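To keep things clear, I will list the structure first and then write my remarks on it.
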Amino acid sequence: MRKRLWYPLGAFALAVLVIGAGIAHAAEFKAGKYPATVTGIQGGPKAPPPEGDTGSTWVMGFENSLMLSCLEGKFQGKLESPAANLSTAVSLSGCTFYKFAATVTMNGCELDFNAGAGSEDEYTGSLGIACPGESKILVAVNIPFLAVCEVEIGSQSGGGSISYVNLTEESPTGFTAGFETHSLAYTKTKSTGLCPLAGTGSKTDGVIVGGATFTSGNGIWIE
């Protein structure tokens with residue numbers, strides 16, 4: 001006859017809590033007060049670029065080569081209530097495409113951060129791009145008689161991974177996001193002169209790598 005083992009109820013409950021603490025759960029962005037204005041500054045963690053390191057915390061690649069880097073990035077969004085997704089307008093400056101000065105015009109397109117899942121203060125989500133109507137992000141170099149490059153990037157989802165970490169010791173609380181997107185769809189609309197793009201046309205080998213730290217007046221976190 002098998003001997004039955006008995007455990008005190010309190011010990012069993014503690015064991016359940018310990019085991020459950022590390023189980024990933026679906027997460028949401030939450031704020032200390034709503035509506036909450038959320039701002040992000042480029043920096044914080046950064047996923048390693050697929051080849052080399054430009055020294056920038058925002059890089060983009062086309063045709064399997066890192067071509068665009070930007071020295072400054074700003075993000076802004078709003079939370080009306082707890083939500084699984086946070087959409088932010090993006091402003092990028094100090095950008096270079098290959099060796100040429102470049103501009104990134106968002107045309108109303110936003111980055112869509114998905115909170116994903118995780119536990120305690122670490123979560124993993126996905127990154128998307130949401131554009132109004134037929135609008136697209138425009139990456140451009142325009143140096144007459146020398147180089148003209150244009151790349152358009154439209155709405156898409158599910159192509160990137162984001163690692164979040166809550167900054168629980170900060171006041172107000174915030175979080176960092178390190179993101180890396182592969183298989184980015186884009187269209188090369190112009191490529192003349194010394195532009196490094198190989199002609200025009202649509203491709204799906206684009207890359208975005210970056211990082212940002214997000215804050216809000218009354219605190220923002222993921223759980």
Please specify each residue of the stretch 147-181 satisfying the condition of being at pLDDT below 95 and within 23 Å of Gly94 (Cα to Cα).
Thr176, Ala177, Gly178, Phe179, Glu180, Thr181
Need the failing condition index for Ala102 against (1) modelled with pLDDT of 95 or more; (2) within 18 Å of Thr189 (Cα to Cα); (3) within 17 Å of the chain's Cα centre (by Cα), just the number.
(3)
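Given the options Glu169, Glu134, Glu152, name the one that is surrounded by fewer than 21 Cβ atoms within 10 Å (Cβ to Cβ), of a type in the set (D, E, K, R) and part of a strand (DSSP E or B). Spell out how you get there, then give the answer.
Working: Glu169 fails: part of a strand (DSSP E or B); Glu134 fails: part of a strand (DSSP E or B).
One residue alone meets the criteria, Glu152.
What about Asn142, is it more than 18 Å from Ala198 (Cα to Cα) and without any contact (Cβ under 8 Å) to a residue 60 or more places away in the chain?
Details: more than 18 Å from Ala198 (Cα to Cα): no; without any contact (Cβ under 8 Å) to a residue 60 or more places away in the chain: yes.
Taking the combined requirement at face value, the residue does not satisfy it.
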Could you list all residues from the stretch 204-223 that are in a strand (DSSP E or B) and surrounded by fewer than 17 Cβ atoms within 10 Å (Cβ to Cβ)?
Thr204, Asp205
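The values are calculated or read from the model by the stated rules, or taken from the named source; none is laboratory data. Nothing here was measured: the structure is a model prediction, and the numbers come from that model. Because the Cβ atoms are built from the backbone with ideal geometry, glycine has one as well, and the counts that use them run over all protein chains shown.
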